[in-house]
Amino acid sequence: MNRTAAIIFGLLGVLVLYFVFTYNGFVSKNASIDGQLAQVESQYQRRFDLIPNLVSSVKGAMVQEEKIFIEIADARSGYANAKTSDEKVKAINSLDSSLSRLLAISENYPTLKSIDTVGNLMTQLEGTENRIAVERMRYNEMVTNYNISIKTFPGSLLANLFNFNERTLFKSEVGAEKAPKVDLTK
């Protein structure tokens, strides 16, 4: 009886340790994702700070592209008003789409290439875009790892018990694989 009780207590101890380590792992991964999202957001903030300068520099030479400027302003507002990480990801994806069209237009607009301010801002924006890509990749790797851990058995049991939910990945917008069409003859 003594040996059986020791085995039972030992198994219970292992089970309790498993639950503690798994729970703490979920909490740690969740916190890491939040930290990485803050990194992504800081790079987007840098982008948001550069965009008004770029837009005002380009705006005078590109009156016909006012629709894109409005879309960018709306996307920035959407991001500023976003409450959840899902809302922030959606707003960022909307901004990405508008900004890519602006970049394509400005690259193909000969007058803009000769304006030093625009060139400087474009260089800074390109650097920022690279930083964003790296931070988004890191975020998506962390989210994927976390989502797998809460979906696989037996961790899924504990995740459901303590309400650890799937996190949202950054994804490209529908149609982002196609280069924007630029027609400056209008």
**OP:** Restricting attention to segment 137-174, report how many residues are under 16 Å from A31 (Cα atoms) and in contact (Cβ under 8 Å) with a residue 24 or more places away in the chain.
**Re:** 16
**OP:** Report, ordered by the first and then the second residue, all pairs with beta carbons closer than 6 Å, sequence separation of six or more or different chains, a first member in segment 1-17 that is at negative phi, and a second member that is among the polar types (S, T, N, Q) and surrounded by 10 or more Cβ atoms within 10 Å (Cβ to Cβ).
**Re:** none
Subject >> Conditions (1) over 20 Å from V134 (Cβ atoms); (2) out of contact with any helix residue (DSSP H, G or I) (no Cβ under 6 Å at 6 or more places or on another chain); number of the one not met by G35 >> reply: (1)
**OP:** Could you please find all residues in segment 143-169 being surrounded by 19 or more Cβ atoms within 10 Å (Cβ to Cβ), within 19 Å of Q39 (Cβ to Cβ) and hydrophobic (A, V, I, L, M, F, W, C)?
**Re:** V143
**OP:** Take segment 53-91 and flag every residue that is loosely packed, with under 14 Cβ neighbours inside 10 Å, modelled with pLDDT of 70 or more and not in a helix (DSSP H, G or I).
**Re:** K83, T84
Original post:
Does T168 satisfy being modelled with pLDDT of 80 or more, of a type in the set (S, T, N, Q), in a helix (DSSP H, G or I) and on the phi < 0 side of the Ramachandran plot?
Top reply: no
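The values are calculated or read from the model by the stated rules, or taken from the named source; none is laboratory data. These numbers were taken from a predicted model, which means no experiment stands behind them. Here Cβ is always computed from backbone atoms with ideal geometry, including for glycine, and neighbour counts include all displayed protein chains.
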